[in-house]
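Working notes for the structure below.
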Amino acid sequence: MPILFFFLAHWFLSLFCQTFFLHRYGSHKMFQMNKFWERFFYFFTFLSQGASFLNPRAYAIMHRMHHAYSDTEKDPHSPHFFKDVWQMTLRTKDIYLNYAKHQIEPEPAFRGNYPEWKVVDKVSDFWWVRILFGVAYFLFYFYFATAWWQYALLPIHFFMGPVHGAIVNWCGHKYGYSNFSNDDHSKNSIPFDFLLMGELMQNNHHKSPNSPNFAKKWFEFDPTYPIMRCFHALGIIHLKKT
C-alpha cells in the first residue's frame, strides 16, 4: 500500500505541476499570479518532478513551437514523423537540451514572457541533485516494497516528466476523437481525462489554446480546471477572461 500511495502521489503531483505551471501558466499565460506564488509553484514543480525536472523556459519555448508548427516537420514532437514513441522522445530531448542546457535562443516569436528562476534552474541541473532524488526514490522502495516486481515502477519515478510528455505527445496526436478541425492530427484521447489531468484533450486545446478549460463538450471533464477555479476564488491566481 505505501508503494502504491507513493507512486500515485508522485504521478499526480508531478503531472499537476506540468499541466498547471509549465503548460497553462508558463507556456500560455492562462492566468496571472504574483511573484510569491510563481516562486512557490516553481519550487514545487522542482520538488514534485525531482529527478526529471523540466526547465520552464525550455518547456515554454518547445510548447509554443508545437502549437505554431503542429504536426508539421517543424513540430518538436509530432508522432507522425517517427516510427515509435522512443524515437520521438529522443528527438524531443535533443531540442529540449538546446534551450535548457545550451541556452540557445529560439526564433523571436518564441522568446520571453516565461517564468524563470536561475537559482533553481542551476541547482536542478547538477547531476548529483538528480541522483539524490533517484536515491530517495530507491530508498523508499527499499524500505516499503513488499514484492520484487514493485521495483519495476522505479524507472517511471526517475523519468516522470518525460514519461508524461511522451504519453501526451504520442497519444494526443494519434488516438481518440476530434471535436474540431484544426488542420493537424490532434485528438481527444479520453473524454474524462483522469489519467493526465486534461492533457489528453489535445484537439480541444489546439482549437482554443488559451482557454484554461480543456473540456468543451457536456460529456468531457478536465480535472485541472476546477482546481484552477478554486485557486482563483482564493486569490492565488487570477484567471483571464476568454
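The values are calculated or read from the model by the stated rules, or taken from the named source; none is laboratory data. These numbers were taken from a predicted model, which means no experiment stands behind them. Methodologically, a virtual Cβ is constructed for each residue, glycine included, from the backbone with ideal geometry; neighbour enumeration extends over all protein chains shown.
When both residues are 6+ apart or on different chains and their Cβ atoms are under 6 Å apart, which pairs have a first residue that lies in region 65-83 and is surrounded by 13 or more Cβ atoms within 10 Å (Cβ to Cβ), and a second that is charged (D, E, K, R)?
66/75; 69/75; 70/184; 71/184; 78/71; 79/174; 80/71
Scan region 169-198 for residues that are part of a loop (DSSP other than H, G, I, E, B), of a type in the set (Ser, Thr, Tyr) and either farther than 23 Å from residue 11 by Cα or at pLDDT below 95 (or both) and jot them down.
178, 181, 186
What number of residues within region 196-230 are in contact (Cβ under 8 Å) with a residue 40 or more places away in the chain and either among the hydroxyl-bearing types (Ser, Thr, Tyr) or more than 26 Å from residue 71 (Cβ to Cβ) (or both)?
Matching residues across region 196-230 total 4.
If residue 173 satisfies all but one of (1) surrounded by fewer than 15 Cβ atoms within 10 Å (Cβ to Cβ); (2) closer than 29 Å to residue 205 by Cβ; (3) not basic (Lys, Arg), what's the number of the condition it fails?
It is condition (1) that residue 173 fails.
Could you list, in sequence order, all residues of region 122-144 that are farther than 13 Å from residue 50 by Cβ and crowded, with 16+ Cβ neighbours inside 10 Å?
141
Per-residue answers, yes or no, for (1) more than 30 Å from residue 118 (Cα to Cα); (2) touching a strand residue (DSSP E or B) at 6+ places or on another chain (Cβ under 8 Å); (3) at pLDDT below 95:
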position: 61; (1), (2), (3): no, no, yes
position: 71; (1), (2), (3): yes, no, no
position: 76; (1), (2), (3): no, no, yes
position: 82; (1), (2), (3): yes, no, yes
position: 91; (1), (2), (3): no, no, yes
position: 96; (1), (2), (3): no, no, yes
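Is it the case, given these coordinates, that residue 140 is farther than 27 Å from residue 68 by Cβ, in contact with a Pro (Cβ under 9 Å, 6 or more places away or on another chain) and at pLDDT 95 or above?
So residue 140 fits the description; yes.
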